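Below is one structure; the comments refer to it alone.
The values are calculated or read from the model by the stated rules, or taken from the named source; none is laboratory data. All values reported here derive from a predicted model rather than from experimental measurement. Every residue, glycine as well, gets a Cβ built from its backbone with ideal geometry; the counts of neighbours run over all protein chains shown. The accessibility values were calculated without ligands, DNA or RNA, using every heavy atom of the protein model including side chains. Shrake-Rupley method; radii C 1.70, N 1.55, O 1.52, S 1.80 Å.
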Amino acid sequence: MKAVDETDAAGVWDRPQAGLDVERIREDFPVLKQRVHGKPLVYFDNATTSQKPQVVIDALYTYYSAENASIHRGIHCLSEQATSAYEGARSKIKRFLNASREREIIFVRGTTEAINLVAQSYGRRFIREGDEIIISAMEHHSNIVPWQILCEQVGSRLRVVPINDDGELLIEEYERHLNEKTKLVSVVHVSNVLGTINPVKQVVEIAHRWNIPVLVDGAQAAPHLRVDVQELDCDFYAFSGHKLYGPTGIGVLYGKAELLEAMPPYQGGGDMIRSVTFEKTLYNTLPYKFEAGTPHIAGAIGLGAAVDYVNGIGLDRIFAYEQELLAYATAALSAVKDLRIIGTAQEKATIISFVLDGVHAHEIGTVLDQEGIAIRTGHHCAQPLMERFGVPAMARASLVFYNTKEEVVALARAVHEVRRVFQ
Ligand code: PMP
């Protein structure tokens, strides 16, 4: 196809592929070996959920086949083994985020639950009528709706920092939004629609001048970037295991210990208590205060295995390779006539959303599926962002380190064909 060949000629892919043996890496992911509608599967829906390497699947299998028991309770051997595997996973996450203490790592269901936890626990304790919460115009619904619920409960107000046409946060506007009424800032690290990598360190630094805590939604950042919560100095950081090659139903809330200590429990139940009487209950210490009930033990262990796997390749190498892939895919898709990429920030991760004149995103997705290519179409749980760009829906290809140049060629070729057929 001409567009792709032009990209090759331009030398976008001339450089070595950041030292990653992608063919070898692909062997680690059993799902990628299958065919869909008779074609080799091209999985470009990684921002929704990513595929799992065999080591993660094995970790789940080992837990359920050899170690299954509840944690923190029994004195029997299996329970001790399960507890140590679960707490071992917490240590791995602590190192992964460069948090300073294990008790700052709370296991939750995912980013959504992490944000709801902060909204309902921190928010209901510290945010009052007339106070303001700041988010950005590029948030996922899970970083909008929990704050709206809180605002209804306590009478506070949500304020939204605008973005430019490239999909970049307007930092000066952000600064103008802060005032003595602002009680929390909650922003996304990497946009799930635009791919924009936000300057969260700067966002935090500016908020801290006013002593305002900052939550960072890292759902799309953790799989692509090295995250250092101490360097960012953020107060909360949330991410989901299933986007980081780990299991579904497990995720992490990092919070600075002094804030978590001051917050009331989010849910009540087993394991989060020190003692219970009908008159008064004393709560457990961190992190257990926020982990009521039997947790997703296998999920935490699987997430630990995923973190080991990613560390084994190295996030710096992953990022470098993905940036090459991004440049190639951007050039290849831009060469398709009547296609507009939405999200052209200077700093981007491998998330490419686009619209094609006269063709609905769902039609693109359906045709691509017939070619074995999985992309996401729709509003991407970011309806206000669709409105900002004046479109009802977008098509989105999100790539990771197991994707290849050949897969991008297949995508560009298929989108080219969609245009030809539908227009
Ligand atoms: N924030 C962002 C930026 C996301 O992309 C997503 C998932 N699409 C979420 C939050 C919610 O993540 P989860 O559904 O895993 O809780």
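What to note about this one:
- Selection of the range 202-218 for residues being open to solvent by less than 10 Å² (accessible area, probe 1.4 Å) and touching a strand residue (DSSP E or B) at 6+ places or on another chain (Cβ under 8 Å) yields 203, 204, 207, 212, 214, 215, 216, 217, 218.
- The listed residue being basic (Lys, Arg), more than 22 Å from residue 167 (Cβ to Cβ) and either at pLDDT 95 or above or surrounded by fewer than 20 Cβ atoms within 10 Å (Cβ to Cβ) (or both), out of 348, 337: 337
- Residues located in the range 68-90, provided they are part of a helix (DSSP H, G or I) and in contact (Cβ under 8 Å) with a residue 60 or more places away in the chain: 82, 85, 86, 88, 89, 90
- Residue count for the range 99-116, restricted to those that are in a helix (DSSP H, G or I) and either in contact with a His (Cβ under 6 Å, 6 or more places away or on another chain) or under 13 Å from residue 259 (Cα atoms) (or both): 2
- Within the range 228-252, tally of residues that are under 20 Å from residue 184 (Cβ atoms) and either in contact with a Pro (Cβ under 9 Å, 6 or more places away or on another chain) or assigned by TED's automatic domain parsing to the domain that holds residue 401 (or both): 4
- Close pairs (6 angstrom Cβ cut-off, 6 or more residues apart or separate chains): without any contact (Cβ under 8 Å) to a residue 60 or more places away in the chain in the range 143-166, surrounded by 15 or more Cβ atoms within 10 Å (Cβ to Cβ) and aromatic (Phe, Trp, Tyr) anywhere: 158/147; 161/174
- Residue check for residue 88: at pLDDT 95 or above and open to solvent by less than 70 Å² (accessible area, probe 1.4 Å): yes
- Index of the failed condition, residue 48 passing every other in (1) assigned to a loop (DSSP other than H, G, I, E, B); (2) more than 16 Å from the ligand (Cβ to nearest atom): (2)
- Any chance residue 371 is over 26 Å from residue 138 (Cβ atoms), buried (at least 17 other Cβ atoms within 10 Å of the Cβ) and in contact with a Phe, Trp or Tyr (Cβ under 9 Å, 6 or more places away or on another chain): no
- Scanning the range 273-295 for residues that are part of a loop (DSSP other than H, G, I, E, B) and touching a Leu at 6+ places or on another chain (Cβ under 7 Å) gives a single hit, 286.
- Any hit, the range 412-419, residues being among the basic types (Lys, Arg), under 22 Å from residue 37 (Cβ atoms) and away from the ligand (no atom under 16 Å from the Cβ): yes
- Among the residues making up the range 167-206, a single one is of a type in the set (Lys, Arg) and out of contact with any Asp or Glu (no Cβ under 8 Å at 6 or more places or on another chain): 176.
- Out of 193, 216, 252, 185, one residue alone is in contact with a helix residue (DSSP H, G or I) (Cβ under 6 Å, 6 or more places away or on another chain), part of a loop (DSSP other than H, G, I, E, B) and in contact (Cβ under 8 Å) with a residue 12 or more places away in the chain. It is 193.
- Residue within the range 296-313 that is in a loop (DSSP other than H, G, I, E, B), crowded, with 19+ Cβ neighbours inside 10 Å and in contact (Cβ under 8 Å) with a residue 24 or more places away in the chain present: yes
- Just one residue in the set 159, 128 is away from the ligand (no atom under 16 Å from the Cβ) and not in a strand (DSSP E or B); that residue is 128.
- Any hit, the range 132-139, residues being within 13 Å of the ligand (Cβ to nearest atom), closer than 30 Å to residue 319 by Cα and charged (D, E, K, R): yes
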